[in-house]
Amino acid sequence: MTMTIEMAMAPFLGVCDAPYKAAKEAAKDGPAAGYMCTYVPEELLHAAGYLPVRVLGWSDGTQNADALIQSYACSLARGALEAGLSGTLDFLSLMIFPHTCDTIQNLTDIWKRNIPAMKHFALSAPVETGTDHAVTYFLNELRRLKTFLEAQGRTVSDGAVRAAILLYDQHRKAMRALYAEHRKNPSAIGARGLAAVALSAFYVPRTQHLAWLTQLLAAVGHTASLPDAKPRVVVLGSVCQDIGYLDAIESAGCVVVDDDLCTGARPFAVEAVEDTDPLRALARMYLDRRTCASKHRDGYDPGEEIVKRARETGARGVIFLFTKFCDPWAFDYPRMREALEKVQAPSLLLEIEQNQPPSAHFQTRVAAFAEMLGATAQGDRS
């Protein structure tokens, strides 16, 4: 008997209710390693016997972190530091900080000084991702990370890395299948459900998440598609650790048919590559992925990419969901907005704080945007 959607969704929603608690429980079976960005290859941590745990922030106040980091730093950085200072992350054996942006890079030194008991590692992922030199550089960084993990008493064999790549690739394929089902039938689990599935993957063993995901895909496949006259939108941005934001967008009158969030679809768009050296395979795989705003690739235009995504999904508009004070996305925004304007695709920019829930003002702006999209659709049909 196939599970109902409600039954299949329960474990994902449970993890999202208390992600660090879920990770701490899972870490009872072995060590856990925290990381700040999806350019950190989880496969390498998995191969070393760690539970990879993504550190996104803190849902409460950041008083302790505010005393150590400037007020114009993003809420992701302040929230992550607060989680570390509060002892919430004491179950982690180590933290890995990538060079995502200046704020996260400099958070490494603040963390080292104020949370000295936790081992940490700075991973430098290249900003330019589309060259052979970038692959070579990142390969050397991964070798350095492997040496660091082995210095902690872990064994990282080529066979273990290959097995991890296989597992994570199976999981990514399943996630892409779920997103494909969602585009066809967005009412099955809704945007909140889709966000919960994606977010929960960062806090439990990947084998466990894949098992849950397999059950959910079966349930979704047996769910009839319901017609919905609400305008479809694509949501994109960096981090959205509160799935309530996606719920608020749909409650205000839109249907989120797809996303390009680094807590959503983007980490699972990575395709496995063949290489005799598994570390080189990881380097190539992560640099070939859909480019983040903090990275650059010659010939890649984020504006063209979002226009293509909107057309492929039948979206009538795009909602930019940006973390306040996130410079990389702020730099990319004008190009993306201009590309959308050229094809007369409406867009809405919303700035959020990661440690605050959706406000009434947030929902009001989305509702007005949904009304405008609906009016535009009626005009097109008349």
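The values are calculated or read from the model by the stated rules, or taken from the named source; none is laboratory data. What you see is a predicted model; the values in this text were computed from it and never measured. Backbone-built Cβ (ideal geometry, glycine too); neighbour counts: all protein chains shown.
Here W58 meets the list (1) over 20 Å from A293 (Cα atoms); (2) at pLDDT below 95; (3) more than 21 Å from the chain's Cα centre (by Cα) almost entirely, failing just condition (3).
Only one entry in R290, R316 is among the basic types (K, R) and either at positive phi or more than 19 Å from the chain's Cα centre (by Cα) (or both), namely R316.
Checking each residue in the stretch 206-222 for being buried (at least 18 other Cβ atoms within 10 Å of the Cβ) and of a type outside the set (A, V, I, L, M, F, W, C) picks out R206, H209. For the stretch 200-245, residues that are modelled with pLDDT of 95 or more, farther than 28 Å from K324 by Cα and among the charged types (D, E, K, R) total 1. Taking each residue of the stretch 128-151 that is among the hydrophobic types (A, V, I, L, M, F, W, C) and looking for partners that are at pLDDT 95 or above and surrounded by fewer than 16 Cβ atoms within 10 Å (Cβ to Cβ) with beta-carbon atoms closer than 8 Å, six or more apart or interchain, yields L139/D277.
If you filter the stretch 231-273 down to residues that are part of a loop (DSSP other than H, G, I, E, B) and touching a Leu at 6+ places or on another chain (Cβ under 6 Å), you find that the one that is nearest to F369 (Cα to Cα) is P231.
Can you find even one residue in the stretch 323-330 that is without any contact (Cβ under 8 Å) to a residue 12 or more places away in the chain and under 20 Å from the mean Cα position of the chain (by Cα)? Talk me through it step by step, then tell me what you get.
Looking only at the stretch 323-330, we keep the residues that are without any contact (Cβ under 8 Å) to a residue 12 or more places away in the chain, and these are 330.
Then drop every residue that is not under 20 Å from the mean Cα position of the chain (by Cα), which leaves 330.
Yes, that holds for at least one residue.
Reported count of residues in the stretch 241-279, each being more than 11 Å from the chain's Cα centre (by Cα) and over 16 Å from H171 (Cβ atoms), is 24. Taking (1) β-branched (V, I, T); (2) within 24 Å of V307 (Cα to Cα); (3) out of contact with any Lys or Arg (no Cβ under 6 Å at 6 or more places or on another chain) in turn, V255 satisfies each apart from (3).
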